[in-house]
Each structure stands twice: as structure tokens, then as C-alpha cells.
Amino acid sequence: MTPPVFNTSGVRTSGGLGCGGCHRAPEFDIDPNTLNNGIIGTIAGTGIDTGNTRAPSLRDLVKTDGTTNGPMMHTGVITTLQAAIGHYGTINIAPGNNNLDPRLTSGGIGQQLNLTATEVNAVIAFLKTLSGTDVYTNTKWSNPFN
């Protein structure tokens, strides 16, 4: 959740992955001031869409059987958690994308997180903890003022 530290080439040298900068705890919903995440395609597959900047909560990305709850991103082009994490690991600034969120760039260069397999696996394990029905059905969560 901690922000990454980048060198002048946009390569992460230390720090975390920075997911919490846009996906706010406890619901891990999207910050309303978030801009484009680098995916600029359209669901129809033609043209570009740099204005799509909203995302649902990261909760329940994974079903109880371990599969994802459908394709991700506004175009549906990403179908696995590994691919979604990989997208944020290497942000390419596409021509025409004048709305890319600055939290995904370092000095105007798309971020290069240089993710290790351990980091990818840890993020996937964390995302899986955000799934399930307990938060919706367990009475201990029914009153937010307790």
C-alpha cells in the first residue's frame, strides 16, 4: 500500500506498489479524483476512451471457487489477477492519452514497478482476502457504529 520510490527512468527502486493511492481502504474503492489507468481502448474495440476513470471496489474480484468475477477494466481485456497486476507493473503512455493519472507516472514516464513473483503472489493473496460473503451476512458487521 505504501508508495513506490522511482529513479529518474521511472523504475521502482524501493517502497511498495502504491495501490492504496487510488484504491482506498477499507472498501478499496477508487479515489473519486483518479484519472485514466492507462487502458484507453473501448469495449467496441475501435477508437480510444481516455475519460473512463471509475472502477468498482476491489472487493469480490474473486469467487469462492478461486476464479475471477468476470473480465476486468472497462474494456474487459484483462481476465486474470496476474494480468491486472502486470498492467500496473508496466504503464505505457499511449499516444492520445492526455488523462493518465499522475500517480502511475514518475517524472512523466510510465511507472515500471519491476514486480517480483513474490510481490505478485502477495497482491493476489491479499485480493483474495477481499472476497467472500461474510462482510455482507455476518451480524458482527451489521452496525458500523459498534
Mean-position separation - Cα centroids, the stretch 1-64 and the stretch 88-120, in angstrom: 9
Residue-averaged 222 nm ellipticity for the chain, from DSSP H runs of 4+ at -39500 (n - 2.57), nearest 500: -5000 deg cm²/dmol
On Cα atoms only, tilt of 117-129 relative to the major axis of the chain in degrees: 40
Accessible area of the stretch 5-122 belonging to carbon and sulfur atoms, whole % at 1.4 Å probe: 57
Among [x] 17.2, 62; [y] 16.2, 50; [z] 18.4, 58, the entry derived from the coordinates for Rg and Dmax of the Cα atoms in Å: [y]
Percent RCO, i.e. relative contact order, over the chain, from Cα pairs under 8 Å lying at least 6 residues apart: 24
Approximate spin-label separation Thr118-Arg54, in nm, with each point projected 7 Å along Cα-to-Cβ: 4.0
Per residue solvent-accessible surface (Å²) - the stretch 13-146, probe of 1.4 Å: 58
Among Gly66, Pro4, Asn143 the positive-end extreme of the charge dipole of the chain (Cβ point charges): Pro4
For the stretch 91-99, 3J(HN,Hα) per residue [Karplus equation, 6.51 cos²θ - 1.76 cosθ + 1.60, θ = phi - 60°, Hz, x = Gly/Pro]: 8, 9, 7, 6, x, x, 8, 9, 10
Additional length obtainable on full extension of the chain from Phe126 to Asn138, 0.36 nm per residue less Cα span: 2.3 nm
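The values are calculated or read from the model by the stated rules, or taken from the named source; none is laboratory data. Please read all numbers here as calculations on a predicted model, not as lab measurements. Methodologically, a virtual Cβ is constructed for each residue, glycine included, from the backbone with ideal geometry; neighbour enumeration extends over all protein chains shown. Ligands, DNA and RNA are stripped out before the accessible areas are found, and what is left, the full protein with its side chains, is counted by its heavy atoms. Shrake-Rupley method; radii C 1.70, N 1.55, O 1.52, S 1.80 Å.
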